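Working notes, beginning with the structure itself.
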Amino acid sequence: MHACAFLAFVLLGAGAAHAQNGFRTVTDEDVKRVDQSAILIDTHNDVTSDTVAGLDIGKPRTDGHTDIP
């Protein structure tokens, strides 16, 4: 399941009124609406462990996603 679709499922399910069986049906339109209105930020970054291992963040990087020359 795509991360945004999962997030939409969780958000829609959390505040929804439950049907008799305890579950609410989440439609593709529900997922699309939440996906288009949500801000999703990936804050995972290994730069801290890389600097402990000796990385100098003052030099350009050729691998990884953090480059603060």
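The values are calculated or read from the model by the stated rules, or taken from the named source; none is laboratory data. Remember, predicted model here, so these are calculated numbers, not experimental data. Every residue, glycine as well, gets a Cβ built from its backbone with ideal geometry; the counts of neighbours run over all protein chains shown. Please note that ligands, DNA and RNA were not included when accessible areas were found on the heavy atoms of the full protein model with its side chains. Shrake-Rupley method; radii C 1.70, N 1.55, O 1.52, S 1.80 Å.
Tabulated data for the structure shown
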{"item": "Environment charge of Ser37, counting only residues whose C-beta is closer than 13 Å and scoring Lys/Arg +1, Asp/Glu -1", "result": "-1"}
{"item": "Heavy atoms of Lys59 accessible to a 1.4 Å probe, total area in Å² rounded to 10", "result": "130 Å²"}
{"item": "Inter-label distance for Ser49 and Gln36, nm, one decimal - labels placed 7 Å from Cα along Cα-to-Cβ", "result": "3.8 nm"}
